[in-house]
Amino acid sequence: MTADHGQAETRFGQLLRQHRLTRGLSQEELSELSGISVRAILNMERGNTARPYRGSVLALANALDLPGPQREQLVLASRRFADSNPASGPGASGSAASPLTSAAHGLSPGSASLVIPRELPAAVGHFTGRDAELSALTRLLDQDNERQSGTVVISAIGGTAGVGKTALAIRWARAVADRFRDGQLYVNLRGYDPDQPVAAAAALARFLRALGVPGQEIPDEVDDRTALYRSRLAGRRVLVVLDNARDAEQVRPLLPGDPGCVAVVTSRDALAGLVAADGARRVELDVLPLADAVALLRSLVGPRADAEPEAVAALARLCARLPLALRIAAELAAARPAIPLAGLVAELAASRLDCLDAGEDRADVRSVFSWSVRQLPDEVVRAFGLAGLHPGEDLDVYAAAALTATSAGQARRVLGRLHRAGLLQATGPGRHAMHDLLRAYARELATSTGGEQEQQAAMTRLFDYYLAAAAAAMDILFPAEAHRRPRITPTAAVLPEMAGEAGALAWLDAERANLAAVVAHCAGHGWARHASDLAGTLLSYLMNGSHLPEALAIYGHALQAARQSGDLAAEASALNGLGGICVMKGHFRDAVGHYQAALERYRQCGGRAGQARVLHNLGITEHELHSHQSAAGYYQLAIAAFEDAGDSLGAARSLATLAGAETRLGRYDQAAEHLQRALPVFCNANDRVGEAQALERIGELDLRRGYLPKAAAFFEQALAICRRIDHPTGVADQLRNLGEVSLRRGDCPQAIGYLRQALAMQRKAGFQHGETQTLRTLAEALHGAGQPAAARAELAAALRLAAETGNTYQQASAHADLAESHHRAGENEQARRHWQQALDRYTQLGAPEADQIRSRLTGQQARQARSRGRPGQRLPARH
């Protein structure tokens, strides 16, 4: 530890402890007030938390009720500590991270269940040689185990393109997989792909999902994703394979921090920074020895190779003993069984001379590519070149058909021919990908044979196909919203069959990564309209907890494209999407900023329908912030705008949500009238989501009025619809509502059962905002069942979740609930602290609940004063 780090550690830890003791708080009491775990506070005070998350520090400052200067001093000390800390595990030196603590993520009662990922790809067939390298990798692992050094083992496999780095890494990883009981993670970082490499943020989102983190719980910032990823790996034994990395900076955020984990990195780059700063051990991969190269050819070609050993050796030399080239050459030999191997060698030698005469780099590899491609029919060669233009990870038959302007049957035959020639790799049923060297060669081929005009036309056909297919899937899943989505120009592309909602959802899930790549490519290469339309088409699908990382990337790129093209309506649509992401994450104030900006753009371009949608969304956001009067105002404006735009269904949705705000404002008759008008519109439009939400609000209205049997009946109807349309958050909402009814009836055990079911679904879906509400209701039920300790545990979990999402109202409410719990137990000082925390937050929001809490505090102080001044009371004598 450096001297600066030691001073920073002492300063931050001592400051935190000093403020805690000054206020007479134990670590347990500070934990309860702040929502930060006791263990996390202990580690911060001891200096064991290398990079305290800013949100955690602010939560502690709030709980300690620090005035401005002391608050700034604590925050500044935490930053100095983070900046001075030289490492928090491998990779920490790359950037000043601000991680989410494990207390807030990996260990809370609301965290996702433990998932064991098994992501290793299939091992390559006919793997030959590499015994020394395999042994070296295993030796590095064994040596670290013997030393028990406490550092992460990082093996960096280096070597030229096509030398077999990936094949070696996967072969070794599969051989030692049983030593990693908690799973194996894999990602192809596409570091040398002609398109953009996989960003660390995208790779982290993929890993976090594989580790069981719902999409809504995945942070937006790379540093926070890295911190959460390392928290998830803490105490676990996981093998991480980072394939095809461009450089150390791409890799560093993906390195685990726990010594029980091992990372294997493959790259053409020397990764000198990873070796020097992170302790990576390099395993250099050379071309195959001639004997192994010959053995590989013999295993691939078969008995013919035994009859012509000299030709086989010559073929190995011409392929530069590179496994990629050897495999392609062997596929070509297998496809031409009538030609002696010596004849194939002569052809390849001539091709290599042509490449050398042209002054091309890596003439040995390129000569094999050129030789292989020359044996293919013209239409297959053309398809190979165009397939290399695809911006995504892989492609299916329909994407290939769009690129080549052919039928699905023709595309299927062409892809099969390219796969048999070794020019495509199968990644799954009906899906193919290219090695990055082959992709670069294919693009050069497309340029030389078809020219820029054909490439532009092929890419436009591809993007038209993805837009049309996405629109078809969305029409199946969300038919009532078809009029809201962008109008799609008809395309000649063949679309896949989608068997109902399950088929549409399966297509979207399979193509989600490609759709994100297409939007990014369109935004950066002159197809701005395609980027905006695809983002707008996918809105309702992407507003799903597990899809938010892709949604963030898609709407970020769409916003960039719209601003570059000066399209105000498209810019507003992208801002509306970003606002939706914030709502899904519970970041309501950030959502308001995006929605206000979107509203201004729609007003500038005269988009009345767009204004209506954004006004409705602003109403939802204000509703979630418990500004019900403001929410009602936005809903009324939205209804007028929807009616101006001729959108009766949109007006009905705003009517239903207006009824929800009016219910909370005590305007029950107006709420009932609005719901009676809205419900038939949903039924006639076959808008099942709208129908379920209207039924839920009727149930809420009856619950408020005390009509418990009627309320339960409406919640049951809404529940049946949500289950039928596979709407998990809707199902969870209705289960929570039924729990509320049971609680009002005094049936606490039944209420607890409903609420625990709701929690399980919310955690699975990553619906943190709903989870916070359910935890508070569950705590009330547990109190009613005579379980105050369990109730407080659930309230502490609710407080943590509210702090994570920045939902100030829910934080205030959780503090108020905890205050009441302590008050009932006669723990007046703890109650006072929580009431004060609640009052501060309600006052900050201007919420009417502030007056109620202020009254509770005043009453408690008066009771304590009367108790202290009661006649006849004496303090016990001291002895």
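The values are calculated or read from the model by the stated rules, or taken from the named source; none is laboratory data. Note that the coordinates shown come from a computational prediction; the quantities given were computed from them, not determined experimentally. Heads up, the Cβs are rebuilt from the backbone with ideal geometry, glycines too, and the neighbour counts pull from every protein chain shown. For accessibility, only protein heavy atoms count, side chains too; no ligands or nucleic acids. Shrake-Rupley method; radii C 1.70, N 1.55, O 1.52, S 1.80 Å.
Being of a type in the set (Ser, Thr, Tyr), in contact (Cβ under 8 Å) with a residue 60 or more places away in the chain and in a helix (DSSP H, G or I), is that true of even one residue in the stretch 228-236? Looking through the stretch 228-236, at least one residue is of a type in the set (Ser, Thr, Tyr), in contact (Cβ under 8 Å) with a residue 60 or more places away in the chain and in a helix (DSSP H, G or I).
Report the residue count in the stretch 212-243 for those that are more than 26 Å from Met543 (Cβ to Cβ) and open to solvent by less than 10 Å² (accessible area, probe 1.4 Å).
Pass one, the stretch 212-243, residues more than 26 Å from Met543 (Cβ to Cβ): 230-231, 233-243.
Restricting the remaining residues to those that are open to solvent by less than 10 Å² (accessible area, probe 1.4 Å) gives 233, 238-243.
Here the count works out to 7.
Identify, from the list Arg190, Arg209, Arg246, the residue that is open to solvent by 20 Å² or more (accessible area, probe 1.4 Å), closer than 29 Å to Gln762 by Cβ, within 23 Å of the chain's Cα centre (by Cα) and not polar (S, T, N, Q). So that I can check it myself, show each step before the final result.
Working: Arg190 fails: closer than 29 Å to Gln762 by Cβ; Arg246 fails: closer than 29 Å to Gln762 by Cβ.
Among Arg190, Arg209, Arg246, only Arg209 is open to solvent by 20 Å² or more (accessible area, probe 1.4 Å), closer than 29 Å to Gln762 by Cβ, within 23 Å of the chain's Cα centre (by Cα) and not polar (S, T, N, Q).
Residue pairs whose Cβ atoms lie under 6 Å apart, separated by 6 or more positions or on different chains, with the first residue in the stretch 182-193 and more than 17 Å from Gly159 (Cβ to Cβ) and the second of a type in the set (Phe, Trp, Tyr) and open to solvent by less than 10 Å² (accessible area, probe 1.4 Å), are Leu185/Phe207.
Quick one: in the stretch 253-279, which of the residues that are in a strand (DSSP E or B) and touching a Phe, Trp or Tyr at 6+ places or on another chain (Cβ under 8 Å) is surrounded by the fewest Cβ atoms within 10 Å (Cβ to Cβ)? Give the steps one after another, and end with the answer.
Here is the first cut: in the stretch 253-279, the ones in a strand (DSSP E or B) are 262-267.
Narrowing the set further to residues that are touching a Phe, Trp or Tyr at 6+ places or on another chain (Cβ under 8 Å) leaves 262, 264.
On the way: Val262: 24, Val264: 28.
Ranking the candidates gives Val262 first.
Would you say Phe715 is crowded, with 16+ Cβ neighbours inside 10 Å and modelled with pLDDT of 95 or more? It is true that Phe715 is crowded, with 16+ Cβ neighbours inside 10 Å and modelled with pLDDT of 95 or more. Within the stretch 530-562, the only residue that satisfies the criterion of being modelled with pLDDT under 95 and among the charged types (D, E, K, R) is Glu550.
Restricting the search to the stretch 311-330, which residues are within 12 Å of Arg298 (Cα to Cα) and touching a residue at least 60 places away in the same chain (Cβ under 8 Å)? Spell out how you get there, then give the answer.
Kept after step one, since they are within 12 Å of Arg298 (Cα to Cα), are these residues of the stretch 311-330: 311-313, 315-316, 326-327, 329-330.
If the condition is that a residue be within 12 Å of Arg298 (Cα to Cα) and touching a residue at least 60 places away in the same chain (Cβ under 8 Å), then Arg327, Ala330 are the ones that fit.
For the stretch 367-387, the criterion of a residue being open to solvent by less than 10 Å² (accessible area, probe 1.4 Å), out of contact with any strand residue (DSSP E or B) (no Cβ under 9 Å at 6 or more places or on another chain) and under 19 Å from Ala468 (Cβ atoms) is satisfied by at least one position. Residues of the stretch 399-426 that are surrounded by 17 or more Cβ atoms within 10 Å (Cβ to Cβ) and within 27 Å of the chain's Cα centre (by Cα): Ala399 alone.
Every residue, every condition in (1) within 16 Å of Leu322 (Cβ to Cβ); (2) crowded, with 18+ Cβ neighbours inside 10 Å; (3) modelled with pLDDT of 90 or more, yes or no:
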| site | (1), (2), (3) |
| --- | --- |
| Leu134 | no, no, yes |
| Arg139 | no, no, no |
| Gly150 | no, no, no |
| Ala169 | no, yes, yes |
| Trp172 | no, yes, yes |
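Every condition in (1) farther than 30 Å from Ala205 by Cβ; (2) open to solvent by less than 30 Å² (accessible area, probe 1.4 Å) is met by Leu775 except one, and the failing one is (1). Of all residues in the stretch 429-437, one or more are free of Cβ contacts under 8 Å to residues at least 24 places away in the same chain and open to solvent by 20 Å² or more (accessible area, probe 1.4 Å). Return the only residue of Gln27, Gln73 being at pLDDT 75 or above and open to solvent by 50 Å² or more (accessible area, probe 1.4 Å). Result: Gln73 is the single residue among Gln27, Gln73 that is at pLDDT 75 or above and open to solvent by 50 Å² or more (accessible area, probe 1.4 Å). Check whether at least one residue in the stretch 539-551 is open to solvent by 10 Å² or more (accessible area, probe 1.4 Å), outside any helix (DSSP H, G or I) and among the aliphatic types (A, V, I, L, M), and report yes or no. Within the stretch 539-551, one or more residues are open to solvent by 10 Å² or more (accessible area, probe 1.4 Å), outside any helix (DSSP H, G or I) and among the aliphatic types (A, V, I, L, M). Flag set for Arg832, criterion: touching a helix residue (DSSP H, G or I) at 6+ places or on another chain (Cβ under 7 Å), basic (Lys, Arg) and either open to solvent by 20 Å² or more (accessible area, probe 1.4 Å) or modelled with pLDDT of 90 or more (or both).
Against the numbered list (1) modelled with pLDDT under 75; (2) open to solvent by less than 70 Å² (accessible area, probe 1.4 Å); (3) out of contact with any Lys or Arg (no Cβ under 8 Å at 6 or more places or on another chain); (4) assigned to a helix (DSSP H, G or I), Asp4 comes up short only at (2). List the number of the failed condition for Gly129; all other conditions in (1) modelled with pLDDT of 90 or more; (2) surrounded by 21 or more Cβ atoms within 10 Å (Cβ to Cβ); (3) on the phi > 0 side of the Ramachandran plot hold. The failed condition is (2). The helices (runs of 4 or more DSSP H) located wholly in the stretch 729-826 that include 3 or more residues which are at pLDDT below 95, within 23 Å of the chain's Cα centre (by Cα) and not acidic (Asp, Glu) occupy 748-765, 768-784, 788-805.
Here's the yes/no breakdown for (1) surrounded by fewer than 21 Cβ atoms within 10 Å (Cβ to Cβ); (2) assigned to a loop (DSSP other than H, G, I, E, B); (3) touching a helix residue (DSSP H, G or I) at 6+ places or on another chain (Cβ under 7 Å); (4) at pLDDT 90 or above:
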site	(1), (2), (3), (4)
Thr460	yes, no, no, yes
Phe463	no, no, yes, yes
Ala472	yes, no, no, yes
Glu501	yes, no, yes, no
Ala504	no, no, yes, yes
Glu511	no, no, no, yes
Asn514	yes, no, no, yes
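Restricting attention to the stretch 194-206, the residues being closer than 22 Å to Gly159 by Cα, open to solvent by 40 Å² or more (accessible area, probe 1.4 Å) and either charged (D, E, K, R) or in contact with an Asp or Glu (Cβ under 8 Å, 6 or more places away or on another chain) (or both) number 1.
So that you can scan it fast, the table gives a plain yes or no per residue for (1) open to solvent by 10 Å² or more (accessible area, probe 1.4 Å); (2) touching a residue at least 12 places away in the same chain (Cβ under 8 Å):
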position: Cys722; (1), (2): no, yes
position: Thr729; (1), (2): yes, yes
position: Gln750; (1), (2): yes, no
position: Ala760; (1), (2): yes, no
position: Phe767; (1), (2): yes, yes
position: Leu782; (1), (2): no, yes
position: Ala798; (1), (2): no, yes
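Scanning the stretch 472-502 for residues that are under 23 Å from the mean Cα position of the chain (by Cα) and of a type in the set (Gly, Ala, Ser) yields a total of 2.
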